[in-house]
Every structure is written in structure tokens, then in C-alpha cells.
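Student: Below: one structure in C-alpha cells.
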Amino acid sequence: MNHVVWAYSENEGVSNEVASAATDIVKGSPGEVVVVEIAQPRAGIRAPGGRLLLKGPSSADSPGVVAEALYRAAKELQPAAVLVGATRNGRETASRLAAKLRVGCMSEIYNLSSDGQSLLGERNVFAGKVVAKVTCALPAVATVKVGSYPRMESAPGGTRELDVGGVDSPIRVASREKKAVGAVDLKSAKVIVSAGRGVKKKEDLAMLEDLAREMHGALGCSRPLSSDLGWLPEEHHIGLTGVSVKPDLYLAVGISGQLQHTAGMKDSKVVASINTDKDAPMFQASDYGIVGDLYQVVPALRRALSAHG
Amino acid sequence: MAGLDPAYAAVYTFTVASVVLVAYAVFRHSRLSSTSIGPGRLAGLAKDEARRFTTGDPVFLMHLSIALGVGLSIANSLLDPVIEYAPLLRTLILIFSVPLAVGLAAAFVWRVQVFIKSKRVEKELRSSDSFTSASTLLQGILILAIGLTTSELVLLWLPSLVLVGGTVGVARNLLVAAYYSRPSVNLIGYFDRPVSALKTPFSLGDVMAGKIEPEQVHVGVGKISEFDASQKLSYDSCVEIGACEAACPATASGRPLSPRVLVRKVSLLSRTAGGEQADPLTAVGEDELWSCTSCGACVASCPVSVKHLDLIYDLRRSLVARGKLDKEKSAMLENLAQYQNPYGFKSSTRGNWAEGLGIDTLAKNPRAEYLYWVGCLSSFDQRAQRIARALSKILKQAGVSFAILGPEEMCIGDPARRLGEEGRYQELAYQNIEKLNSYGVKKIIATCPHCYNALRNEYPEFGGRYEVVYHTQLISDLIRDGRVRVPADRIRKITVTLHDACYASRYNNIFDEPRRALDASVSEVREMGRRKEKTFCCGAGGSNYWYKVPQQRSIAGIRTDEAAKTGAKEIATECPFCLSMLDDATKVMNTGMEVKDVAEMVAECLA
Ligand SMILES: Cc1cc2nc3c(=O)[nH]c(=O)nc-3n(C[C@H](O)[C@H](O)[C@H](O)COP(=O)(O)OP(=O)(O)OC[C@H]3O[C@@H](n4cnc5c(N)ncnc54)[C@H](O)[C@@H]3O)c2cc1C
Ligand code: SF4
Ligand code: SF4
């Protein structure tokens, strides 16, 4: 084992974050950070300490293939630690790699450091309410929490190639398709405008869609609007049997606030609601409430928003 | 006697031989499955059948006709040589044969109709051809056996055709020996195993006490050979009677599950070459297992006591052990682990519903006579909280001393157990029991039948023994004893219908008490066809409340339709989950009906 730390992610931006994490560990001596690439070098990769291009696999599509390639290379070059970006694929890659190498794997880590014997770091537990300090003896594998490090800026250093031989994968990528338009990503939306049965007609949803767009947010709804009335596709429905969301702002419009709904949005940072019924349970789950008719309040809100640019 | 007619002698010899064969087959299966079928069991069964006879359930009467018809014709055929010396007996046999023949004929017609329906279900479930033909064969044999027995009873009246009758009897006896000895053993052995009985796969207590190593804990069933002898007997006893399928809400809603098909698939798999080593999940689908609401209608309706639910739980445990959980299910389990309730609300807010009502926690008043176990839904859901408030109002008026645990209460664990996460269930159970025992709790009131069922039937196994009373029972007692008085002018003039909760009625035989409470508080109660222990599920049980399954229509919708047909203006419920499901369905369907708990209906009448 030497003191070299490897960084890898199938996503270019994340790879540059992981490179920063690796640089933190080796306390700024960039010569000890190696960014690993598989099959093809990528243009956007920043690797001040140089990169290691693993030849042999035909692509980096499958975590199984990546893990095997990393494993073969690591057996030969003995890095002290392998850091992988904690993306969906990265999590799988890292766990497979750690199992192959028979070393420990820490997941979703930030604030990484090393005392030469172990890898130290922190991770969020209990839905982010508690921070756990974790440690793992070197050599080790870890996934780095996405978004917890700045992206490495400096230009790439030299490239070294290593042939690890072909890796067979049972998985073939048949085709790639873009997500259907209209599909919402409520989970990552910072602002959600959510429509309930207080909305009288399907056509009126357009008004709320506009409001959501003006607030740079996404449109969600209570279950009756998707499952029972079919006004919106299923993936818009928030709650116990739908998606759970935690945006910075949740604006509930004409939603009564049954537990089955609030169970899916209770972790939102700020909750505001509009309802004609001052006793609606939704108000109890809200930081701000407007008692009023959404058909008056929403247009007023939009006017106010546009006035403020 | 037909003298020494050689043909008669031959038929009689075959008759005796075939009866011996039946007896041998029954004996053999009882040995193979170590099932006791002694006189005590038989007497118990007879008593139970007599009890069910008085319920007048037509399907049961048909099955009784089949059983008694077979018994009568066997007795008659054995007695035939001497029957002319006992004219009174002969007359009795003839008299008895009439209602039985009518019952059998009805069963024949009913069976044919069940057969047609079953083929429709198999088509919807896209059953394999081999399954469909195996099923057709077995149902054909059942219809044949019914037909043979019916004609035998008719032939009793035609002494000149005694040889024909005898031959028919021999054929039928051979069918009984080959196909119906196993179900008979299963029925005698397990008729009284309650619907609520659930196999505990391991005990966390034993693991914690070091009695067994964690590695020895085995969850779920990965191979057919891992079912115990009584389970195998149970699944192999299915003779495609189809009563379960007819009763099953999952089948009725067009979900990918029929309890009949499920059990038969596993039984057929076990009989293939190498079947003992086969993984049941190769024959059973995930959604098939998640479709079950654990309502128990299948188990309760099976005339030969097949226990479908044991199978469903074992296979769900296998799914959980293999991590086959989608987001909704794993989120629920995670919430249970982190927050001790399936919704993910903070435990500290559990008692908030009681604020300002002057209700003590046990911490404050450990000497309260009753602990009111509120349950998660009534703690957190604003609609269901009204049940808790209504009950509290009634108890206060009656001067009953009670307290709640407040923030110290945790989920009873039922959602985890029914999902197949036994470990998490037992973690919660042990913690709850420790808490209850530390307060020395003796009597508990529950307003949720799932909590009630766990406290009453499941917790004793883990060391929690309490006197548990259901709120409808207590309310009806308080009314009877005059401790709760509804003045005549406050009885609401309204027609309601009662939706029995499966876990109260079918699981725990509580159905007269809520009716008494309603009689005292509303002017008219109209009954639905499916009621009391034959109730039809609301669709929430078996953890179904927390996830979606593909279906053609909702179970709650079917039930709401049935309730609307009574013409009632309000639906009375006795389970917070039923309330939530039916409330949602009535709104979606715009029936204009209101849904309220029995406790709310009573409390409304109090000053
Ligand atoms: C097992 C189960 C699971 C469920 N899962 C979910 C889930 O995941 N997500 C979910 O959302 N629901 C779920 N539900 C349904 C849930 O119980 C509620 O029925 C639903 O959330 C109510 O939707 P709503 O608030 O839009 O409608 P309603 O309850 O009808 O409320 C409409 C609200 O709009 C207000 N209003 C009316 N007109 C106006 C106006 N002009 N301006 C402003 N306000 C107005 C009313 O005062 C009222 O408060 C589930 C139910 C069950 C039984
Ligand atoms: S328990 Fe109920 S839902 Fe489940 S299989 Fe039996 S009848 Fe169907
Ligand atoms: S929720 Fe109500 S009807 Fe449904 S399974 Fe439970 S008790 Fe039965």
C-alpha cells in the first residue's frame, strides 16, 4: 500500500468533486491524487495529479464492469483509498469494489481526512438530524456525498494507461431515451406548488402551473387529483402512497391536509397554504397560511411576484 | 337381504373394501402429517359444525350436505345386508336422505357455477395451461363426487337398483380415498385453529437471551421442504372448493391474487420432480403476495380448514428477507425504525390530540384503572383523532378511570408483521411490553382492531399479558350498566349501516357489541349482506394502507357500493383504518354518505 488516493465517478462533474475530496485527504499534495477513467478519457475531467486510464472494458456503463476494472487495477497498484462519487451507479460500484477487495466501504461521506492508518469522515443519519463520525482502516473504499465538495478547477496533468483486460458484462445498453417531457422531478425541486381538490376544474391547473414556473418550482398535487380525477399523472402525487418531498418552500393550494398527504411533505423547510376553510388541518402543518379563495389569492400572488420581477 | 346373489356379494365385498381403503387413507395421512384425529377432535368438530349449522349459511349447509351425504350413504351401504331387520333405521335413513339429497343437488349446481367463475379468474390471472388443466381435473372430480353421492341417495329409494347404488358408492369411495382423505384429516386436525393464529418464525427474545444464535434465525421459506408438516398437509388439502376465492376481496377487486390459485400452485410445485427443493417464489408473484389484505376471509370460509395466510406470511417474509421492497414499503419500515410510527411523525407529538381535554398520561397517573392504547392513526391523523376524543368523552361521562401513554406509546408493530418484517415487529413488541409492564398495566382499551388483536392474541407470546377490551365492547357494557345514558330525545333519527372490521369481527368475534351501541344511539341500523364474521374488508389490512397494488377497482369502493345500497345515510365503522378508507371512497364516489366511528356516534348523543 502507498499513500495514493484514487477518485472516480462516471459523472464528469461529480468526478471533479471527488477529486477535491481526495486532495483534502492527502492534505493538498496533489501528486498523490489519481483520477481514474475507464475505457475513454473525458474532456471535462480535472486531475491535477494526473489520470489513470483503464483500458480493456469497452464502456463504463455498468457498475459491475467498472468495479471489476477498478478491482484489477487496485490489486496491481495498491492505492490507499478509492473514492467514488455517491451517485446511484457509484454506490453500486463502490460496494462491489469493496467486496471484491475485501476492505471496508463507507457510504455518503463528507469532511474526509486520513491519519495514515484510517480514513475518517462524516455522514448524515436519521434523515439528516444527526451527523455520525465514521472511520475505516486503510485500505478502504468510500462513496463521497454528492454536492459536498467544490469541483476541482485546475487543468489535468498527464495520463497513464493500464490495460486491465476485457470485462464481460451481462448487461447491454440497448438504447438511451430522454425522460418523457412533463415528467416532474419533485424530489429535487426547491419550490413546490401543490394543488388539491380546492381546484374546481382541470383547466384551472394551468394557473397553478404558471405560478410554479414563475417561482422556479414544480407542480405537485394531492392524491385525488391524480388517482381519482386523473388530472395529473401519478408521479405528481405527494403523500403516504405517493412521493415524499422536502423542498425549501411548499405551497399547498386547496389541500385539506390529511395525514396521508402531510406524511409526504412534513419535512419541507417552509410550508405555506391557501384554503378557504380556516380550520383546515393543513394550516396546522403550515408556517404561513392565507385564509381565502385560491381563485383570488393565486392571481394576486402572481401579480405580486411579477411586480417584484 | 338379496340372498347369496354372487353379483350382490361381489358389490358388497367391494363396498367394504373401499370403505376400509378410505379409513386407511385417512389414518395414513394423519400419521404422515402427525395430525391428531382422535375421538376428542371428532367430537369437537361435530360440535363446531353444529354451531355453524345454526348460522344457516347456505354455502356451509351445502358442504355439510356433502359430508353427511357421503357418511349416510356409506353407513347405508355397509348396513345393507341387515337393514331389512331394522325397518325403523331404514325409514330414518330414507327420511334423512331427502334434505341431504336436496343439499347435494344445490351443491352440484353451485359447484358448476363456481367452476365457470374459477376459469374466468384463472384467465385474468393468466394461469399456465398446466395449472388450468390440473385445476379443471380436481374440480371435475369434486363435481363427479357430488353427482355420484346425490344419485346414490336417490337410489336408496329404489331397492331394485341396489346393485347400481352399490357400484356408484364404491366409485365414490375410491374418489374419497384418493382425493378427500387429506382434507378430512386437515379439517379434523385444524378446524379450531383461529383465523388470528399466526406462526411466529423466531423469537427475538430467545436471540437476546442467547438461547439461539442470530445465524440460526431463519426467516421466510426458500424451499418447499422448509414448510412444516401441518403446512404441507394444509396446502395439499386444497381440493379446489373455491370458497376462499369467492370470499377474497383481492380477487373481487381484480388484483393478481386468488387464494385458491396461490395454494394450489405451491402444492402442485411441491409435487413436481425435485419439488421439495423448489423455491415457492418461482411459482408465486410479488404483487400476488402484496395483494392480500390479511382479512382472513379465505381461512374462515374454507370448508376443509386450509390456512392460506400462513403461506402468504411465509412468502412475504421471504420477499422482505430478499430485499424485495419498493419505496413505499421500505419507507414505512424505515419510519417504524426511526420514529416508531409508520408515518414518520415525531413521537413527542403523539399525545397532542388530548391537549386541553384533561386526560392524564400513565406517567402522571400510574394508578389509572385502564390504559387507553390510542394507536398511530388516531394519534396523528386529524380525522381519526376524533375517535380518540369521542371515546374519551364517553369514558369521562361514565367515570371510567383511564390514562394514555402519550409520547411513550409506539406502534404496536402490526404493519411490520403483516408486511413480513417479523424482526421489526418483535422489536416494537418487546419495547412496548417492557413499557407496559414497567407501569404494571393490567387493563387496556383499544380503538384500533389491529392494536387490539396484537395486544390480545400476539403479545402474550412475548411476555405481555393484559386484559384487553375493545372500545365497542366497553361502550356497550357501559350503556347496559346505565353508566352511559343516551336520553331518548337525543337518539339521532338517522339510518346507518355498520361496516364490521375484519380484525374485530372475523379475528376476534366482536360484532354484537357495536350493534348494541348503535341501537342505543341511532334510530335505524340497516345491515349489509356481508356482515359480522363474514364482513368484506375495507382494503387497508395486511399493511395495504401503505402501498399500491395493481387492481381493477378499489376494495373500499366495492364496500362503499354495498353500504350505499342499504340506503343508509351514514356508515358506522369501528376501526380507524376502515374509517379512513371508506371516508376516502365515499368522497371519491360522491355518495354523500358520512363515515363515523361507533364511538363518535355514541358520543354525539351525549350532552
Ligand atoms: C390509504 C390511503 C392513502 C392515501 N394516500 C394519499 C397520498 O399519498 N397523498 C394524498 O394527497 N392523499 C392520500 N390519501 C387521500 C387523503 O386521505 C385525502 O383524501 C386527500 O389528501 C385529500 O385531498 P385534498 O386535500 O386535495 O381534498 P379535500 O380533502 O377535499 O380538501 C379540499 C380543500 O380545499 C379547500 N378549498 C375548497 N375550495 C377552495 C377554494 N376555492 N380556495 C381555497 N381552498 C379551497 C377546502 O376547504 C378543503 O380544505 C390517501 C387516503 C388513503 C385512505
Ligand atoms: S386474507 Fe383476504 S385478501 Fe388475503 S387471500 Fe385471504 S381472502 Fe384474499
Ligand atoms: S382495516 Fe378494517 S376492514 Fe380492513 S383489514 Fe383491517 S379491520 Fe379489516
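Student: For segment B:385-403, enumerate the residues that are part of a helix (DSSP H, G or I) and of a type in the set (A, V, I, L, M, F, W, C).
Tutor: Residues satisfying the conditions are B:Ile387, B:Ala388, B:Ala390, B:Leu391, B:Ile394, B:Leu395, B:Ala398.
Student: Let me ask you something else. Test A:Pro247 against the criterion of being within 13 Å of chain B (Cβ to nearest Cβ) and of a type outside the set (S, T, N, Q), and give yes or no.
Tutor: For A:Pro247, the condition - within 13 Å of chain B (Cβ to nearest Cβ) and of a type outside the set (S, T, N, Q) - is not met.
Student: Identify, by number, the condition in (1) in a loop (DSSP other than H, G, I, E, B); (2) surrounded by fewer than 17 Cβ atoms within 10 Å (Cβ to Cβ) that A:Glu76 doesn't meet.
Tutor: With respect to (1) in a loop (DSSP other than H, G, I, E, B); (2) surrounded by fewer than 17 Cβ atoms within 10 Å (Cβ to Cβ), A:Glu76 is out only on (1).
Student: Does B:Arg515 satisfy the condition of being away from chain A (no Cβ under 14 Å), away from ligand 3 (no atom under 16 Å from the Cβ) and surrounded by fewer than 17 Cβ atoms within 10 Å (Cβ to Cβ)?
Tutor: Criteria not met by B:Arg515.
Student: List pairs: first residue in segment B:255-282 and outside the structural domain of B:Ala556 (by TED's automatic domain parsing) and over 18 Å from B:Ser234 (Cα atoms), second residue within 16 Å of ligand 2 (Cβ to nearest atom) and of a type in the set (Gly, Ala, Ser) anywhere in the structure, Cβ distance under 8 angstrom, at least six positions apart or on different chains.
Tutor: Filtered contacts from segment B:255-282: B:Arg255/B:Ser291; B:Pro256/B:Gly285; B:Pro256/B:Ser291; B:Leu257/B:Ala250; B:Leu257/B:Ser291.
Student: Continuing with the same structure: Checking B:Val82 against (1) farther than 30 Å from B:Asp192 by Cβ; (2) exposed (fewer than 14 other Cβ atoms within 10 Å of the Cβ); (3) without any contact (Cβ under 8 Å) to a residue 24 or more places away in the chain, which test does it fail?
Tutor: Only one criterion is unmet by B:Val82, namely (3).
Student: Another one. Do you know which residues across segment B:45-74 are over 30 Å from B:Gly529 (Cβ atoms) and either assigned by TED's automatic domain parsing to the domain that holds B:Pro303 or surrounded by fewer than 19 Cβ atoms within 10 Å (Cβ to Cβ) (or both)?
Tutor: Within segment B:45-74, just B:Gly71 meets the criteria.
Student: Does segment B:307-325 hold any residues that are among the hydrophobic types (A, V, I, L, M, F, W, C) and either touching a Lys or Arg at 6+ places or on another chain (Cβ under 9 Å) or near ligand 2 (Cβ under 9 Å from one of its atoms) (or both), and which are they?
Tutor: Selection gives B:Leu309, B:Ile312, B:Val320.
Student: Still on this structure: Being closer than 23 Å to B:Cys451 by Cα, more than 9 Å from ligand 1 (Cβ to nearest atom) and not basic (Lys, Arg) is true for just one of B:Thr573, B:Thr560, B:Thr586. Which residue is that?
Tutor: Going through B:Thr573, B:Thr560, B:Thr586 in turn, the sole match is B:Thr573.
Student: Suppose we keep only residues that are surrounded by fewer than 21 Cβ atoms within 10 Å (Cβ to Cβ) and not acidic (Asp, Glu) within segment B:597-607. Which one would you say is farthest from B:Ile555 (Cα to Cα)?
Tutor: Once the filter is applied, the top-ranked residue is B:Ala607.
Student: Being of a type in the set (Gly, Ala, Ser), within 23 Å of the chain's Cα centre (by Cα) and away from every other protein chain (no Cβ under 12 Å) is the filter here, so list the residues in segment A:250-285 that pass it.
Tutor: Within segment A:250-285, A:Ser268 is the sole residue that qualifies.
Student: Of the numbered conditions (1) within 16 Å of ligand 3 (Cβ to nearest atom); (2) assigned to a helix (DSSP H, G or I); (3) more than 15 Å from the chain's Cα centre (by Cα), B:Leu257 fails exactly one; give the number of that condition.
Tutor: Going through (1) within 16 Å of ligand 3 (Cβ to nearest atom); (2) assigned to a helix (DSSP H, G or I); (3) more than 15 Å from the chain's Cα centre (by Cα) one by one, B:Leu257 breaks only (2).
Student: Turning to a different aspect of this structure: Hey, any hits in segment B:349-359 for a residue that's more than 16 Å from ligand 3 (Cβ to nearest atom), touching a residue at least 60 places away in the same chain (Cβ under 8 Å) and not in a loop (DSSP other than H, G, I, E, B)?
Tutor: Among the residues of segment B:349-359, not one is more than 16 Å from ligand 3 (Cβ to nearest atom), touching a residue at least 60 places away in the same chain (Cβ under 8 Å) and not in a loop (DSSP other than H, G, I, E, B), which makes the answer no.
Student: Among the residues of segment B:278-301 satisfying the criterion of being under 16 Å from B:Gly420 (Cβ atoms) and near ligand 2 (Cβ under 10 Å from one of its atoms), which is surrounded by the fewest Cβ atoms within 10 Å (Cβ to Cβ)?
Tutor: Only one residue fits best here, namely B:Glu288.
Student: Can you tell me which residues in segment B:536-561 are more than 14 Å from chain A (Cβ to nearest Cβ) and away from ligand 2 (no atom under 16 Å from the Cβ)?
Tutor: B:Asp561, the sole residue that qualifies.
Student: Further question on the same structure: Which one of the conditions (1) at pLDDT below 95; (2) surrounded by 12 or more Cβ atoms within 10 Å (Cβ to Cβ); (3) within 14 Å of another protein chain (Cβ to nearest Cβ) does A:Ser222 fail to meet, given that it meets all the rest?
Tutor: Unmet condition: (1).
Student: Does B:Tyr425 count as without any contact (Cβ under 8 Å) to a residue 40 or more places away in the chain and not in a loop (DSSP other than H, G, I, E, B)?
Tutor: Here the answer is yes, as B:Tyr425 does meet what is asked.
Student: Which ranges mark the strands (runs of 3 or more DSSP E) fully within segment A:80-179 that have 1 or more residues being surrounded by 20 or more Cβ atoms within 10 Å (Cβ to Cβ) and aliphatic (A, V, I, L, M)?
Tutor: Qualifying strands (runs of 3 or more DSSP E): A:81-85, A:104-114, A:118-125, A:140-144.
Student: In segment B:523-561, which residues are of a type outside the set (S, T, N, Q), under 19 Å from the mean Cα position of the chain (by Cα) and in a loop (DSSP other than H, G, I, E, B)?
Tutor: Of everything in segment B:523-561, those that are of a type outside the set (S, T, N, Q), under 19 Å from the mean Cα position of the chain (by Cα) and in a loop (DSSP other than H, G, I, E, B) turn out to be B:Met528, B:Gly529, B:Arg530, B:Arg531, B:Phe536, B:Cys537, B:Cys538, B:Gly539, B:Ala540, B:Gly541, B:Gly542.
Student: On to the next question. Out of segment B:17-37, which residues are among the polar types (S, T, N, Q) and in a helix (DSSP H, G or I)?
Tutor: The answer is B:Ser18, B:Ser30.
Student: Pairs, please: C-beta under 6 Å, at least 6 apart or cross-chain, first residue more than 15 Å from A:Gly264 (Cα to Cα) and in segment B:323-338, second aromatic (Phe, Trp, Tyr) and at pLDDT 95 or above?
Tutor: Cβ pairs passing all conditions: none.
Student: Another question, if that's okay. Within segment B:488-512, how many residues turn out to be outside any helix (DSSP H, G or I) and either surrounded by 17 or more Cβ atoms within 10 Å (Cβ to Cβ) or within 27 Å of the chain's Cα centre (by Cα) (or both)?
Tutor: Residues that pass the stated criteria total 16.
Student: Looking only at residues that are at the interface with another protein chain (Cβ under 10 Å from one of its Cβ atoms) and of a type in the set (Gly, Ala, Ser) in segment B:579-598, which one is nearest to ligand 3 (Cβ to nearest atom)?
Tutor: B:Ser580
Student: So which of B:Ser301, B:Ser291, B:Ser330, B:Ser348 is modelled with pLDDT of 95 or more and either touching a strand residue (DSSP E or B) at 6+ places or on another chain (Cβ under 7 Å) or polar (S, T, N, Q) (or both)?
Tutor: It is B:Ser291.
Student: As an exercise: evaluate A:Ile238 against (1) more than 14 Å from chain B (Cβ to nearest Cβ); (2) within 23 Å of the chain's Cα centre (by Cα) and give the number of the one condition it does not meet.
Tutor: Tallying (1) more than 14 Å from chain B (Cβ to nearest Cβ); (2) within 23 Å of the chain's Cα centre (by Cα), A:Ile238 fails exactly one: (1).
Student: Quick test of your reading of the structure: B:Pro576 fulfils all but one of (1) at pLDDT 95 or above; (2) within 13 Å of chain A (Cβ to nearest Cβ); (3) within 16 Å of ligand 2 (Cβ to nearest atom). Name the failing condition by number.
Tutor: (3)
Student: When segment B:375-410 is examined, which residues are found to be over 18 Å from B:Ala603 (Cα atoms) and either of a type in the set (S, T, N, Q) or within 14 Å of chain A (Cβ to nearest Cβ) (or both)?
Tutor: Residues satisfying the conditions are B:Gly375, B:Cys376, B:Leu377, B:Ser379, B:Phe380, B:Asp381.
The values are calculated or read from the model by the stated rules, or taken from the named source; none is laboratory data. The structure presented is a predicted model; accordingly, all values stated were derived computationally and were not measured. Using ideal geometry, Cβ is built from the backbone for each residue, glycine included, and neighbour counts are taken over all protein chains shown.
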